[in-house]
1. Give the longest segment of the chain that steers clear of trypsin sites (Lys or Arg not before Pro) in DSSP loops with at most 13 neighbouring Cβ atoms within 10 Å, not counting the sites themselves.
2. So, with a 1.4 angstrom probe, what is the percent of accessible area on the chain that is carbon and sulfur?
3. Hey, what did segment 32-110 get for relative contact order, percent, Cα under 8 Å, at least 6 apart?
4. With an 8 Å Cα cut-off and a minimum separation of 6 or more residues, compute the relative contact order for the chain in percent.
5. For segment 96-177, with every protein chain kept in place, what is the accessible area per residue (1.4 Å probe, Å²)?
6. Determine the distance separating the Cα centre of segment 67-81 from the Cα centre of segment 89-142; give it in Å without decimals.
Amino acid sequence: MRFGYTLMTEQSGPKELVAQATAAEAAGFDFEVMSDHYFPWLDEQGHAPYAWSVLGAVAQVTERVELMTYVTAPIMRYHPAVVAQKAATIGLLSDDRFLLGLGAGENLNEHVIGEGWPPVNVRHEMFSEALEIISALFDGGYVNYVGDHYRVDSAKLWDLPERRVPIGVAVSGQQSVRRFAGSADAMIATEPNAELGSGWDAARGDAGRKIGQLPISWGRDRDRAAQRVWELMRWFAAGWKANAELPGTAAFAAANQYVRVEDVKAAIPCGPDVEPIVAAFQSYWEAGFTDICLVQAGVDDDREGFFAFAEEELLPALRAAAG
């Protein structure tokens with residue numbers, strides 16, 4: 001098992017994210033993932049810096065951890081040819097420590113270009129074409145492409161890292177697993193669903209890498225930790241299908257207006273104890289996941305305290321429990 005830390009661009013500014021990246025590596029995390037948003041989920045989160053600029057800085061202040069987008073949508077806000085260029089550059093700056101995590105996107109971030117939000121079947125068509133373009137550019141040489149959704153005219157990546165940038169793809173059901181397993185090096189999912197992993201392995205014909213994510217709210221005061229995670233993370237309660245469709249923070253606030261602190265507290269480990277966090281993580285490795293990255297809600301409230309807890313208690317407990 002490998003344990004990662006989430007640099008959550010929705011809840012921290014760019015300088016804070018760089019500081020967290022340094023602290024997470026020093027604490028012993030194996031990898032670091034970064035969200036790629038134009039909007040936060042909720043107004044209370046209050047941030048949305050440009051992830052790729054922050055990744056460039058993080059690549060320079062870290063030495064060991066793998067870096068990853070969790071996840072980038074190469075369908076509207078970014079043309080896939082530009083995503084390939086950005087990924088290759090981060091691969092070089094990080095000395096081959098970068099994994100390109102990709103997904104079909106959310107209306108929350110893509111609506112800003114003013115072209116409307118396509119239905120899910122169209123988004124998957126666009127995503128399939130985007131993967132073909134990115135993969136072809138990673139192969140080197142000139143790329144020309146004519147699809148139903150994208151055109152590429154004599155594109156070429158002039159700066160490629162020695163190691164081909166691996167690709168992870170976010171999936172939410174068996175349809176997306178079957179469609180994308182052959183185009184990626186890793187599966188990304190937000191729930192410990194064993195059927196997703198077994199379907200992924202069956203589609204690929206091997207036991208591949210599977211990366212999950214889990215929010216927590218560590219804090220010395222359990223009630224304060226629960227209140228904080230409600231303020232920052234209650235958006236998750238609507239479920240991924242709804243989350244992909246809602247257009248802005250006001251919509252997320254309305255969709256989750258009846259979520260109570262008690263509801264979030266029951267779903268997310270809160271407080272100072274390590275045992276509930278380990279129990280929550282266990283569901284992922286029992287489901288066959290190979291990598292899990294945590295999200296600490298409101299990490300900037302007590303950054304030093306959280307990373308000391310991670311180094312001295314949490315990561316040793318997780319590694320012991322996972323075997």
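1. With trypsin sites (Lys or Arg not before Pro) excluded where exposed in loops, the chain gives 65-155 as its longest stretch.
2. Carbon and sulfur: 49 percent of the exposed surface of the chain.
3. Relative contact order for segment 32-110 comes out at 37 percent.
4. 20
5. Heavy-atom SASA per residue in segment 96-177 reads 46 Å².
6. Centre-to-centre distance over Cα atoms comes out at 4 Å.
The values are calculated or read from the model by the stated rules, or taken from the named source; none is laboratory data. Since this is a predicted model, take the numbers as computed values, not measurements. So basically every Cβ, Gly included, is an ideal-geometry build from the backbone, and we count neighbours across all protein chains shown. Note: areas computed on protein heavy atoms with side chains; ligands, DNA, RNA excluded. Shrake-Rupley method; radii C 1.70, N 1.55, O 1.52, S 1.80 Å.
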